[in-house]
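Reading through the structure tokens given below for one structure.
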Amino acid sequence: MDQSQVEQITRMVFEAISQSEEKENGFLVPVGVSARHVHLTQEHVEALFGKGYQLTKKKDLMGGQFASNEQVTIVGLKLRAIENVRILGPVRSRTQVEISATDARTLGIKAPIRESGHLDGSAPIAIVGPKGAIYLKEGAIIAMRHIHMTPSDAQAAGLKNGDIVSVRADNERGTIFNHVVIRVDPKFTLEMHIDTDEANAAGIKQGDTVRIVKQ
């Protein structure tokens with residue numbers, strides 16, 4: 001057995017030990033804190049910004065998404081509004097507004113906790129842009145906390161798309177997050193997404209890490 005074979009076997013042993021310890025102690029995941037934002041159809045982009053308008057990229061995000069330079073005002077019941085809400089691209093097949101529970105109270109609406117794209121029966125909301133406004137009979141949600149994973153991440157964690165797990169934050173708050181949905185896609189980067197309310201309550205900031213502790 002030559003030196004290269006010894007090194008390869010040693011790496012494999014260390015990787016196996018590491019994976020075993022990680023499963024025992026909880027699979028480690030970095031956190032991304034999601035601020036309120038909007039996803040628009042192309043039709044609604046043009047209604048808000050003008051005919052033929054295209055979103056412009058400010059920053060790349062995971063999965064081919066991007067934060068755009070464009071912002072809008074969202075308006076709830078009794079004309080309560082929140083300004084400077086970022087639009088995420090690219091355009092989608094259905095317009096969606098993702099807010100926190102605090103935002104929902106500010107706007108005076110009852111937004112349900114939902115997975116992204118599950119909009120049937122969600123809260124009504126209006127969106128105002130520089131060239132026009134739109135009203136959605138449904139479309140405002142509080143995003144269900146979730147973890148993005150690649151297939152290899154999911155395999156290492158022993159999970160699959162759609163699984164529900166619990167997650168522990170080992171900081172001075174010592175928070176346990178239940179009902180966390182797993183989303184698996186080759187385009188994703190490993191990251192748990194929570195909203196600003198959840199992050200503030202748990203004392204978590206962007207880039208902190210948490211552990212999957214229960215399946």
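Some points to look at:
- Residue under evaluation Phe49, criteria (1) closer than 19 Å to Phe188 by Cβ; (2) in contact with a Lys or Arg (Cβ under 6 Å, 6 or more places away or on another chain), criterion not met: (1)
- Matching residues, the range 117-137, being open to solvent by 40 Å² or more (accessible area, probe 1.4 Å) and either modelled with pLDDT under 95 or part of a loop (DSSP other than H, G, I, E, B) (or both): Gly117, His118, Asp120, Gly121, Pro130, Lys131
- Selection count where residues are open to solvent by less than 90 Å² (accessible area, probe 1.4 Å), assigned to a strand (DSSP E or B) and not hydrophobic (A, V, I, L, M, F, W, C), scope the range 74-102: 4
- Ser152 being small (Gly, Ala, Ser), at pLDDT 95 or above and closer than 21 Å to Val33 by Cα: no
- Candidate set: the range 103-116, residues that are in contact (Cβ under 8 Å) with a residue 24 or more places away in the chain and in a loop (DSSP other than H, G, I, E, B); chosen: the one nearest to Ile182 (Cα to Cα): Glu115
- Picking from residues in the range 135-193 that are without any contact (Cβ under 8 Å) to a residue 60 or more places away in the chain and aromatic (Phe, Trp, Tyr), the one that is farthest from Gly117 (Cα to Cα) is Phe177.
- No other residue among Ala140, Ala154 is in contact with a strand residue (DSSP E or B) (Cβ under 7 Å, 6 or more places away or on another chain) and either open to solvent by 20 Å² or more (accessible area, probe 1.4 Å) or assigned to a strand (DSSP E or B) (or both) apart from Ala140.
- Hits in the range 102-141 (condition: under 14 Å from Val38 (Cβ atoms) and among the β-branched types (Val, Ile, Thr)): Ile125, Ile127, Val128, Ile134, Ile141
- In summary, strands (runs of 3 or more DSSP E) completely within the range 165-215 and bearing 2 or more residues that are loosely packed, with under 13 Cβ neighbours inside 10 Å occur at 176-184.
- Ala67 being part of a helix (DSSP H, G or I) and crowded, with 16+ Cβ neighbours inside 10 Å: no
The values are calculated or read from the model by the stated rules, or taken from the named source; none is laboratory data. This one's a predicted model, so the numbers in the text were calculated from it and none came from an experiment. Methodologically, a virtual Cβ is constructed for each residue, glycine included, from the backbone with ideal geometry; neighbour enumeration extends over all protein chains shown. Each accessible area value is taken on the protein alone, full model and side chains, heavy atoms only, with ligands, DNA and RNA left out. Shrake-Rupley method; radii C 1.70, N 1.55, O 1.52, S 1.80 Å.
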